[in-house]
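K.L.:
The structure is given below, and queries will be raised subsequently.
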Amino acid sequence: MSAAFYRDYVVDLKARLDDLHSDPASYQTYDLAMELLAQKNLISYAMSRKQGQVDSLFYRRDTASGQGTQMSQETAYRVFSGFFGLGQFLASTGRANGLGEEAFAETLTAGWEYPTCAVQFSYRKKGQPRGASMKMLFVGLNGDADATTFEAKLTQPELLIDTRPFSTKLLWEWK
């Protein structure tokens, strides 16, 4: 099996996120939740605008100790921008194959060696007749060779998407 590369998808996603980050007033509604798991730390970035109400939360939690701390939006966004700037991405099917949450995370990060990022984003820009939504789980890699190495090390390669576009009830590309 050969996993599908997602670099082009993530570049487009980052451009949309950058637009929301720099000009949230141009959006009628948005709901963004991102969680980055790297080196046993979970960084969460959530912001939404529904019916004119804006809400947001940005924090870091050490998964080993459970201790968390709030972060500024700018600091949290820099962390995610760094992830989205990596050289290649693979995506998970979301099927855990019987693994518990911790075992799934450890498998998908190859023993905490590779960062993963879950993104759920829906929005409608002002003046547009309809919105767009996506929900995906990415593994960040340095480039194509790193992606090949990661896939070869993965004990359960069926956890990765091999055909694009991908869409299930749990995860989906833009629709």
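K.L.:
If you take the square roots of the eigenvalues of the alpha-carbon gyration tensor of segment 79-169 and sort them as a ≥ b ≥ c, do you get rounded (a/c under 1.5), prolate (a/b over b/c) or oblate?
P.N.:
It is prolate, given that a/c is not under 1.5 and a/b is the larger ratio.
K.L.:
Next question. Would you check the accessible area of LEU170, probe 1.4 Å, heavy atoms only, in square angstrom rounded to 10?
P.N.:
Taking all protein chains as shown, LEU170 has close to 90 Å².
K.L.:
Shifting gears a bit: With θ taken as phi - 60° and the coefficients 6.51, -1.76 and 1.60, list the Karplus ³J(HN,Hα) couplings across segment 15-24 in order, rounded to whole Hz; mark glycine and proline as x.
P.N.:
Each residue's phi maps through the Karplus curve to give 4, 5, 5, 4, 5, 4, 4, 8, 9, x Hz.
K.L.:
Give LYS126/LYS169; LYS40/LYS153; LYS50/LYS126 a once-over and call out the pairs whose C-alpha atoms are over 22 Å from each other.
P.N.:
The answer is LYS126/LYS169.
K.L.:
Any idea how far the Cα center of segment 124-175 sits from the one of segment 1-16, in Å?
P.N.:
7
K.L.:
For n ≥ 4 DSSP H runs only, could you compute -39500 (n - 2.57) per run for the chain, divide by its residues and tell me the 222 nm figure to the nearest 500?
P.N.:
-8000 deg cm²/dmol
K.L.:
At a Förster distance of 30 Å, what's the computed FRET efficiency of GLU158 paired with ALA64, Cβ-Cβ distance as r, to 0.05?
P.N.:
In this case the efficiency is close to 0.60.
K.L.:
Another question, then. Of the accessible area of segment 17-175, with the probe set at 1.4 angstrom, what percent is carbon plus sulfur?
P.N.:
After summing per-atom areas, the C and S share lands at 48 percent.
K.L.:
Less than 12 Å Cβ to Cβ from THR63, Lys/Arg counted +1 and Asp/Glu -1: what total charge do the surrounding residues give?
P.N.:
-2
K.L.:
Quick one: accessible area per residue over the chain, 1.4 Å probe, rounded to a whole number of Å²?
P.N.:
51
K.L.:
Nearest 10 degrees, 0 to 90: what angle lies between the long axis of helix 144-153 and the longest principal axis of the chain (Cα atoms)?
P.N.:
Taking the Cα atoms of the chain, the angle to 144-153 is about 60 degrees.
K.L.:
For the full complex of protein chains and a 1.4 angstrom probe, list VAL11, VAL54, VAL119 by accessible area with the highest value first.
P.N.:
VAL54, VAL11, VAL119
The values are calculated or read from the model by the stated rules, or taken from the named source; none is laboratory data. No experiment lies behind these values; they were computed from the predicted model shown. Cβ atoms come from the backbone with ideal geometry, glycine included; neighbour counts cover every protein chain shown. Heads up: the accessible areas ignore ligands, DNA and RNA and are worked out on the full protein's heavy atoms, side chains in. Shrake-Rupley method; radii C 1.70, N 1.55, O 1.52, S 1.80 Å.
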